[in-house]
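Working notes for the structure below.
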Amino acid sequence: MAARRVTYRLPLWKRAVPRYPLYLEGRPQNRVLLCQFWMKLIKDKTFELPNDRVHFEVHPQMSILDVKQYLEKIYNVDVLKVRTYRRTEYTINKDSFDVKETDKGKIPAAKVACVQLGGAHRLTFPNLFGEKLLSTTPEEDATKLEELQEKLNVAKNWERPGIPPWFS
Amino acid sequence: MALQMFRRSVSVIRHSVRALSRLTITPPTQPVALDKFSLLKCGSCRNFHVSVKRPDLMEFFDSKDNWGEENIKTGRPWKMEELRIKSNSDLHKLWYVLLKERNMLLTMRHEYRQECILFPNPERIDKVEESMENLMNIIKERDNAHSLLETGKSVEREKVEALDSFGRPYMKRQTEHALPQRNIAGKRMFLLTRDPWMRKSQRLLREKYLKTRHRERKRELRYIRRTRERFPDATEEDIEHGLERESARQKQGFYDV
């Protein structure tokens with residue numbers, strides 16, 4: 001028997017948000033009770049942002065007004081100005097010494113919102129991994145040592161390629 | 001002399017303060033801080049405990065104790081039975097708690113990925129999503145029950161038979177329109193009409209359908225004839241059962257080994 005086909009469950013945050021119901025004049029205002037939008041607070045890699053600027057990766061269906069209301073009503077943050085742009089999908093597959101094998105891959109498309117905070121609200125991006133970035137685990141050290149030894153072996157025997165190191 | 005100097009300096013400060021206050025049109029708002037003791041002042045709420053309000057945009061990050069930890073223990077998602085008992089306002093509050101939690105988890109995962117560190121316990125996102133989906137289902141149930149009481153119809157849009165632009169029938173989901181669709185000028189798509197220019201394609205489609213039906217019938221008859229030859233003692237029930245299996249195989253497109 002062949003394997004049964006398993007349906008892939010799209011996560012809720014990747015799904016499209018349903019349309020607003022049709023509005024006709026004279027009816028009460030349409031209101032969203034369960035908001036399905038999501039926002040990610042991201043760090044700008046190009047340069048350090050000033051205190052009152054925050055960048056978000058937002059749901060692609062979100063408009064500027066949506067972003068503003070989302071922050072004001074759910075997070076109680078005053079917003080002065082919002083600007084959005086769409087970051088296109090791009091791949092890193094250059095063959096060069098700068099780009100490592102692990103860094104190659106696809107970076108997905110996203111909608112980014114640049115927000116200027118108002119009032120007394122400020123945010124400095126916290127240092128989430130204080131000493132963890134510099135420290136290494138013993139497993140990592142072992143793999144690094146192995147790589148170094150291989151390189152040294154190659155350097156030792158570079159004059160006679162194709163002959164194994166036990167051959168003397 | 002010293003007193004005069006003091007007064008002058010005070011007035012200068014006041015003037016500058018006034019000038020600044022004129023510049024700002026709206027009063028500067030502060031991050032909302034909940035007055036915890038207002039609830040404790042009244043006697044009936046003595047046993048009421050309020051969790052500490054976190055700073056606002058820092059809600060996008062995990063609590064400081066969990067930064068850089070390898071294992072973060074969490075509970076199970078909300079079940080349907082538990083949510084069914086809750087009131088609508090409770091569900092509304094829970095939804096926004098879950099929404100904030102998901103936002104926090106997504107930002108943290110993004111940051112971990114940026115720094116090439118393993119994100120601890122990524123199943124937390126699935127747990128939150130599951131409870132959110134359960135909550136949505138419960139709301140849908142309630143909506144459906146209400147509309148059944150009021151109108152006798154379910155909330156989901158009904159499917160109606162319609163013709164596409166080549167005159168082929170298909171099941172179409174109904175959509176809301178401000179005006180009836182027939183009245184819109186210049187839009188004749190998706191109406192139950194067959195135009196004369198469609199006749200040629202209609203004929204070809206019918207021919208295709210008849211051919212496939214004929215082939216299926218021929219295959220069935222062939223199967224019955226061959227089974228009768230091989231097993232003369234077989235009853236009609238056995239042959240029917242065999243036919244079902246054969247047709248299922250044909251649909252799947254492979255044979256059991």
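The values are calculated or read from the model by the stated rules, or taken from the named source; none is laboratory data. Only a predicted model underlies this, so the values are computations on that prediction, with no experimental measurement involved. FYI the Cβ positions are ideal-geometry reconstructions off the backbone, even for glycines, and counts take in every protein chain you see. Accessible surface areas use protein heavy atoms only, side chains included; no ligands, DNA or RNA. Shrake-Rupley method; radii C 1.70, N 1.55, O 1.52, S 1.80 Å.
Of all residues in segment A:27-56, none that is within 11 Å of another protein chain (Cβ to nearest Cβ) and assigned to a loop (DSSP other than H, G, I, E, B) has its Cβ atom under 9 Å from the Cβ atom of a residue that is among the small types (Gly, Ala, Ser) and exposed (fewer than 10 other Cβ atoms within 10 Å of the Cβ), 6 or more apart or on another chain. Where strands (runs of 3 or more DSSP E) fall entirely within segment A:88-168, those with at least 3 residues that are within 14 Å of another protein chain (Cβ to nearest Cβ) are at A:105-107, A:110-117.
Against the numbered list (1) closer than 24 Å to A:Pro18 by Cα; (2) away from every other protein chain (no Cβ under 12 Å); (3) loosely packed, with under 13 Cβ neighbours inside 10 Å, B:Ser89 comes up short only at (2). The residue list B:Arg225, B:Arg219, B:Arg194, B:Arg249 contains one member that is at negative phi, without any contact (Cβ under 8 Å) to a residue 40 or more places away in the chain, in a helix (DSSP H, G or I) and open to solvent by 100 Å² or more (accessible area, probe 1.4 Å), which is B:Arg225.
Could we say that B:Arg173 is open to solvent by 60 Å² or more (accessible area, probe 1.4 Å), free of Cβ contacts under 8 Å to residues at least 24 places away in the same chain, farther than 30 Å from B:Ser63 by Cα and away from every other protein chain (no Cβ under 11 Å) here? Yes; evaluated as a whole, the condition is true for this residue.
Let's see how each residue does on (1) within 25 Å of A:Val32 (Cβ to Cβ); (2) out of contact with any helix residue (DSSP H, G or I) (no Cβ under 8 Å at 6 or more places or on another chain):
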position	(1), (2)
B:Asn88	yes, no
B:Thr107	yes, no
B:Cys116	no, yes
B:Phe119	no, no
B:Val155	yes, no
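Return the residue satisfying two criteria in turn: it lies in segment A:73-86 and is touching a strand residue (DSSP E or B) at 6+ places or on another chain (Cβ under 8 Å) and open to solvent by 70 Å² or more (accessible area, probe 1.4 Å), and of such residues it is nearest to the other protein chains (Cβ to nearest Cβ). Of everything passing the filter in segment A:73-86, A:Leu80 is nearest to the other protein chains (Cβ to nearest Cβ).
Under the condition of being modelled with pLDDT under 85 and facing chain B (nearest Cβ under 10 Å), the residues counted in segment A:2-18 number 2.
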